[in-house]
Amino acid sequence: MKTTHRSIYEDVQVQFNKAADLINMNPGIRSILSQTANEIVVHFPVKMDDGHVRMFTGYRVQHNNILGPYKGGLRYHPSVDLDDAKALATWMTWKTAIAGLPYGGAKGGVQFDPSKCSVGEIERITRRFTYSLGNNIGPEYDIPAPDVNTGPQTMAWILDTYMSTRSQGERNNCLHVVTGKPINSGGTLGRDRATGFGVVTTIAEWAKENKMNLSKATYTVQGFGNVGSWSAHFMKEKGAILLAVEDISGILYSEKGIDPDQLMEFAKSNNGKIGSYPNAATITHKEFLSLKADIFIPAALSNQITLETAPLLNVKLVAEGANGPTTPEADEVLQQRGIGLIPDVLCNSGGVTGSYFEWLQNKRSEYWELEEVMEKIRKKVTEGYANVSSTAKAHKTDLRTAAYIVALNRLEKAYIERGIFP
Ligand code: NAD
């Protein structure tokens, strides 16, 4: 699988311009939203296990906060750079607006390969990155969350470092500086599965509209981390059959179906990797992409469905668990081929919605039951889907453009109501 190789921020602009043209957006507001607000780049030293000091580069891009504090994940990956963070931050602004959350959009991360570092090194990188970000994050200002190669443990280190650098009296007021924390450290029940649950909630809504019977459906998943594995878990609850899975360590295929829960257990004891799972065969990347199935869930990195790969897909629906898996040109190919697509900004919005409920609980010093959290996420994501779907029908356009229209309308309205300072 190819990783990021072109400017995804340019792709974001293409998508944005298409929707802004359709709603004839106010030119001033359009120019505000076509730029990011703040782009923070930090270079910081970390002492490695062998005693030498290595410099790292970290990013936090804050795109827009008219609707509320900046919100978005932190990613640890060699492909993290300013362009990537700008694109991902912009998508977060649209996503929180579509989900109807009181948040803006941000994203960031550190450019390195965590699989080549020890746990101790990753902890020191995380703490030093947090320290370097300083007041550029905050519980009512910019609230990071997990993304690729980061998780609850990363959030616990960020929280601890952030708290430790505040004054004594402030320390317990900032539990909500990050979401996606371990439960014991202020996390919410259900945040682990929130994104995958949201992905499957949107698939179920699409299936209802398009008369697809999910209990007889087949699907494939790219990426078996947080989003991919939980999506597969909830697809199993619907009765769907997982035919193939790809992750960084290999590709699995079984005509009879792969049990996602068994595979999740296997991955847990294999450093998150599925490559050596014994109960399936192996296929090539091209065979994986060409496999006949009802649904494909990309849940790894961006730029996977391109002009080269879109013609290979043999599915009825692409449900974008990952952020930015499809380029604008590939979008057109899928449309021409009659393949449905649930766009990332809607499809994976269950994650940030779960984060919002964690943030609310922290602010109120409450702990909610799992069922309550999941039901609240289901309601928000279903409303988001209904809103985007009816907008698509009204504008006779695709779901991605409709999702952008929903977001841009909400943002435009806020700017018109408030005006521009001074
Ligand atoms: P993760 O680190 O938990 O999992 C990433 C998965 O992708 C792993 O299985 C990894 O092996 C696989 N992968 C990485 N490189 C690959 C490659 N070259 N080929 C095939 N597979 C590869 O990350 P995640 O949190 O599950 O995030 C996955 C995607 O979902 C990202 O695009 C992220 O931005 C998006 N997303 C995540 C959340 C969340 O709550 N975690 C929310 C919304 C969107």
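Using only the Cα atoms of segment 41-184, build the gyration tensor, take square roots of its eigenvalues as a ≥ b ≥ c, and label the shape rounded, prolate or oblate: rounded if a/c is under 1.5, else prolate if a/b is larger than b/c, else oblate. Because a/c hits 1.5 or more and a/b fails to exceed b/c, segment 41-184 counts as oblate. Here the accessible area is traced with a 1.4 Å probe on the protein chains. For the chain, carbon and sulfur cover 51 percent of it.
Label-to-label distance for E417 and H285 is 4.6 nm, based on points extended 7 Å past Cα in the beta-carbon direction. With R₀ set to 45 Å, the beta-carbon distance separating S31 from S390 gives a calculated FRET efficiency near 0.95. Compared with the alpha-carbon gap, the fully stretched path from E308 to T382 is longer by 23.4 nm at 0.36 nm per residue. Protection proxy ranking for 364-370, 33-39, using the average of other Cβ atoms within 10 Å per residue and placing the highest first: 33-39, 364-370.
Given a Förster radius of 51 Å and the C-beta distance between H52 and E366 as r, what FRET efficiency does 1/(1 + (r/R0)^6) yield to the nearest 0.05? Efficiency, rounded to the nearest 0.05: 0.65. Beta bridges from DSSP with both residues in segment 41-184: antiparallel share about 65 percent, rounded to the nearest 5. Cα centroid separation, segment 383-412 to segment 224-303: 31 Å. Our note on the geometry: Cα centres of segment 1-78 and segment 88-140, 10 Å apart.
For F56, the amide hydrogen comes within under 5 Å of the amide hydrogens of F44, V46, counting only partners 5 or more places away or on other chains and with H modelled in the peptide plane.
When the charge dipole of the chain is built from unit charges on Cβ atoms (+1 for Lys and Arg, -1 for Asp and Glu) and taken about the Cα centre, the candidate among G151, V61, I32 whose Cα reaches farthest toward its positive end is I32.
Per-residue ellipticity at 222 nm, computed for the chain from helices alone with -39500 (n - 2.57) per DSSP H run of at least four residues, works out to -14000 deg cm²/dmol.
Provide the FRET efficiency to the nearest 0.05 for the Y131-L22 pair, computing r from the beta carbons and using R0 = 56 Å. Working from the Cβ atoms, E equals 0.80. Only beta bridges with both residues in segment 194-347 are counted; by DSSP, about 25 percent of them are antiparallel. With protein chains left intact and a 1.4 Å probe, residues in the chain average 41 Å² of accessible area per residue.
Counted over the chain, the DSSP beta bridges are approximately 50% antiparallel. For segment 359-372, 3J(HN,Hα) computed residue by residue from phi via the Karplus equation (6.51, -1.76, 1.60; θ = phi - 60°) reads 4, 4, 4, 4, 5, 9, 6, 10, 10, 9, 5, 4, 4, 5 Hz, glycine and proline entered as x. Over 21 Å apart at the Cα level, from the set K208/K256; K181/K376; K116/K268; K256/K292; K211/K393; K107/K236, are K208/K256; K107/K236. When peptides 198-209, 85-96, 13-24 are ranked by their average number of other Cβ atoms within 10 Å per residue, the highest-first order is 85-96, 198-209, 13-24. Taking the Cα centre of segment 200-254 as reference, the dipole from Cβ charges on Lys and Arg (+1) and Asp and Glu (-1) amounts to some 240 debye.
The values are calculated or read from the model by the stated rules, or taken from the named source; none is laboratory data. None of these values were measured; they are calculated from a predicted model. Cβ: placed from backbone, ideal geometry, glycine included. Neighbour counts: every protein chain shown. For accessibility, only protein heavy atoms count, side chains too; no ligands or nucleic acids. Shrake-Rupley method; radii C 1.70, N 1.55, O 1.52, S 1.80 Å.
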